[in-house]
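Here is the structure we will look at.
The values are calculated or read from the model by the stated rules, or taken from the named source; none is laboratory data. Just so it is clear, the model here is predicted, and its values are computed rather than measured. As a convention, Cβ positions derive from the backbone with ideal geometry for all residues, glycine included, and neighbour counts pool all protein chains shown. With ligands, DNA and RNA removed, areas are computed over all heavy atoms of the protein, side chains included. Shrake-Rupley method; radii C 1.70, N 1.55, O 1.52, S 1.80 Å.
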Amino acid sequence: MKVLVVGSGGREHTIIWKLSQSKKVTEIIAAPGNAGIMSLAKCFNVKATDLEGMLNLAKAEKPDMIVVAPDDPLSMGMVDLLTENGFSTFGPTKMAARIESSKSFSKDLMKKYDIPTADYQVFTDSEKAISYIKEKGAPIVVKASGLALGKGVVVATTEEMAIDAVNSIMGDKIFGNAGNEVVIEECLSGPEISVLAFTDGKVIVPMVSAQDHKRAFDNDEGPNTGGMGAFSPSKYYTSELAKECMDTIYLKTLNALNSENCKFKGVIYFGLMLTAKGPYVIEYNARFGDPETQVVLTRLKSDLYDIIKSVIDETLSEQKIEWLEDAAVCVMMASGGYPLKYKTGLDITGLENVKDAIVFHSGTKIGENGKLQTAGGRVLGITTLSDTVLNAAQKAYENVAKIHFDNAHFRHDIGNK
């Protein structure tokens, strides 16, 4: 079978790496891909957000399956377009993807169907938002309602910080149109867990748990990023908690979407917080998370192609999904200055020295000098497996030390939570 994977990051590299292990997959192509993906797939220079370009590529290459991985094309309706044109496509429709592309939609959905989440208000007027902040006080959370590359959330410890966030998001438009609407919600406290789940719209099957590190610097300090690393499993996610989440969150979410005529087929990412009152939903994503995918799919024993096909065919209930007992850790090596200003086009060396680790490329390219170079904020995800999270982390950092590019930035505490 020939598979097309849409996207260019570490998540896509991981998906392609896993699909390449399937005996049923004979050819993989990617658009646009990256320098790491090139070793496993033929890459085509079509942007992930170019819907017509992707349709034309599909018509020319005739893949048997298409996996749309990033949030932007999902929210734009790429799955709808490709499916309407006869292609077997994995991912939610534009309507269903609103659980990520519109935080106001997802919060309203949770409120309507009694899915535990923080109290909130939605605003399109910055003055009213600021008045609400002054009424509620701090700490308080300010979120751009639309897609903001995982960076559109400010956990404000003071009223001034929250007001600045509103002005930046709604006034300065630092996230563009994603900030036309903001969600302001109560600040919950507790450990955060990421649980991804396959669903074909009929059943929902959670994957193994993970925890990610969103802040740029050690000890969870600095600005939010797309994710500086992750590990799996979470020590907090017990079998009892998994059952509670299935009853109070996962099944309720699936049923809520179906009740709203938004049948969801693909992967739902549940960002959970374990509060004193029990597990609450912090956010949904409508796709595989990044870098959670790197640690979750490396633990997957089953054939990813079979699972994806069962989701498309709505036969997920018949699919047996097995996982490795090993723990996994991913340490992101990022460009200095990320998530703010950073340089690209810097030579990367040392990958040939990596041992007993998988290096997933997030932002790389082959430069004009023919060498591997940086091409984004997050550059490489050094991913390892071992018997414990701490041992996997030690292996990851041993390999991080072997890789070099100028001003490389990474956290030193991934996997120590």
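Of note:
Yes/no matrix, rows are residues, columns are (1) touching a Gly at 6+ places or on another chain (Cβ under 7 Å); (2) buried (at least 17 other Cβ atoms within 10 Å of the Cβ):
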position	(1), (2)
Leu340	no, no
Thr349	no, no
Phe360	yes, yes
Glu368	no, no
Lys371	no, no
Thr374	yes, yes
Gly377	yes, yes
Gly381	yes, yes
Leu385	no, yes
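- Listed by first and then second residue, the pairs linking a residue in region 208-226 that is on the phi < 0 side of the Ramachandran plot and modelled with pLDDT of 90 or more to a residue that is among the acidic types (Asp, Glu) and not in a loop (DSSP other than H, G, I, E, B), with Cβ atoms under 6 Å apart and 6 or more places separating them unless they lie on different chains, are Ala210/Glu292; Asp212/Glu292; Arg215/Glu221.
- In region 86-110, the residues that are without any contact (Cβ under 8 Å) to a residue 60 or more places away in the chain and farther than 22 Å from Gly179 by Cβ: Gly86, Phe87
- Restricting attention to region 199-233 and to residues that are open to solvent by 10 Å² or more (accessible area, probe 1.4 Å) and polar (S, T, N, Q), the residue that is farthest from Lys320 (Cα to Cα) turns out to be Asn219.
- Close contacts from region 292-306, counting a first residue that is among the basic types (Lys, Arg) and a second that is surrounded by fewer than 24 Cβ atoms within 10 Å (Cβ to Cβ) and in a loop (DSSP other than H, G, I, E, B), with Cβ to Cβ under 7 Å and a gap of 6+ residues or different chains, come to Arg299/Val208; Arg299/Leu324; Arg299/Asp326; Lys301/Glu322; Lys301/Leu324.
- Filter result (open to solvent by less than 30 Å² (accessible area, probe 1.4 Å), of a type in the set (Phe, Trp, Tyr) and over 19 Å from Gly229 (Cβ atoms)) within region 272-331: Tyr284, Tyr305
- Scanning region 395-408 for residues that are under 24 Å from the mean Cα position of the chain (by Cα) and either crowded, with 20+ Cβ neighbours inside 10 Å or in a helix (DSSP H, G or I) (or both) returns Lys395, Ala396, Tyr397, Asn399, Val400.
- Residue check, Tyr237 touching a residue at least 40 places away in the same chain (Cβ under 8 Å), in contact with a strand residue (DSSP E or B) (Cβ under 8 Å, 6 or more places away or on another chain) and surrounded by 23 or more Cβ atoms within 10 Å (Cβ to Cβ): yes
- Of all residues in region 42-67, those that are of a type in the set (Phe, Trp, Tyr) have Cβ atoms under 7 Å from Cβ atoms of residues that are open to solvent by 10 Å² or more (accessible area, probe 1.4 Å) and at pLDDT 95 or above, 6 or more apart or on another chain, in Phe44/Pro32; Phe44/Leu57.
- Boolean, Val195 is under 17 Å from the mean Cα position of the chain (by Cα), buried (at least 20 other Cβ atoms within 10 Å of the Cβ), at pLDDT 95 or above and farther than 21 Å from Lys103 by Cα: no
- Asp114 at pLDDT 95 or above, among the charged types (D, E, K, R) and open to solvent by less than 70 Å² (accessible area, probe 1.4 Å): no
- Residue count, region 59-113 (criterion: among the hydroxyl-bearing types (Ser, Thr, Tyr), assigned to a helix (DSSP H, G or I) and more than 19 Å from Ile29 (Cα to Cα)): 4
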